[in-house]
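Reviewing the structure listed below.
Every read-out reported here was derived from the displayed coordinates using simple, explicitly stated rules and does not represent laboratory data. Keep in mind it's a predicted model, so treat the numbers as computed, not measured. Cβ placement follows ideal geometry from the backbone for every residue including glycine, while neighbour counts extend to all protein chains displayed.
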Amino acid sequence: RARRARPLVLSVDDSLINQTVVECMLGKTCDIEMYVDGRSAIEYLEACRAELPDVVILDIMMPEISGIDVCRHIRQVMGLAAEVLPVVLVSANSSEALWAKALASGCNAHFVSPMDKRKLQAYVEVVVGASGDN
């Protein structure tokens, strides 16, 4: 994948407050494409296969299509491996059962909301650097 001047992050969350938080955390160093539901995110990803984002951040608990379902779609339907399109799942729910489902969906990482700014920034730096090496 061609390296961009600034990494592109796809942020998907039905909470505009959470979207604003992600933008505040990453907006100085990344371009952020925001969607408020899983269906729109899937449509965006399907339409931009040639220019995929560098990382996807998905809220797990969204109406209709959950973040877990979007991650499954990315991995199984679109056939995009974790190395090709890193996916981070986020939820305020920290139950082991939920995180087991998240990991089984093919996500690269999961964060408990509210997210730690330094951890998220460091994670994005690592995966963007790794994807730029390919």
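Among the trypsin sites (Lys or Arg not before Pro) within region 21-81, those in coil by DSSP and having at most 11 neighbouring Cβ atoms inside 10 Å are K28.
Let me spell out the model: positive unit charges on the Cβ of Lys and Arg, negative unit charges on the Cβ of Asp and Glu, origin at the Cα centre of the chain. What dipole size does that give, in debye rounded to 20?
Numbers: 13 positive and 18 negative charges, 78 e Å.
Dipole about the Cα centre, nearest 20: 380 debye.
Over the Cα atoms of the chain, the radius of gyration divided by the Kirkwood radius equals 0.92; this is the Rg/Rh ratio.
In region 1-107, Cα pairs under 8 Å separated by at least six residues give a relative contact order of 26 percent.
Here the average projected area of the convex hull drawn through the C-alpha atoms of region 5-52 stands at 3.3 nm².
Projecting the Cα atoms of A102, V90, C48 onto the charge dipole of region 1-103, computed from C-beta unit charges around the Cα centre, puts C48 farthest toward the positive end.
For region 28-93, run through the GluC sites (Glu not before Pro) and keep only the ones in DSSP coil with at most 15 other Cβ atoms within 10 Å of their Cβ. Walk me through the intermediate numbers first.
Details: sites: E33, E43, E46, E51, E64, E83; in loops: E64, E83.
When the GluC sites (Glu not before Pro) of region 28-93 are filtered for loop state and at most 15 Cβ neighbours within 10 Å, E64, E83 remain.
For the residues V84, V21, what sequence is obtained by ranking on other C-beta atoms within 10 Å, fewest first? Intermediate values should be presented prior to the final figure.
Values: V84 14, V21 18.
Taking fewest neighbouring Cβ atoms as first place, the list is V84, V21.
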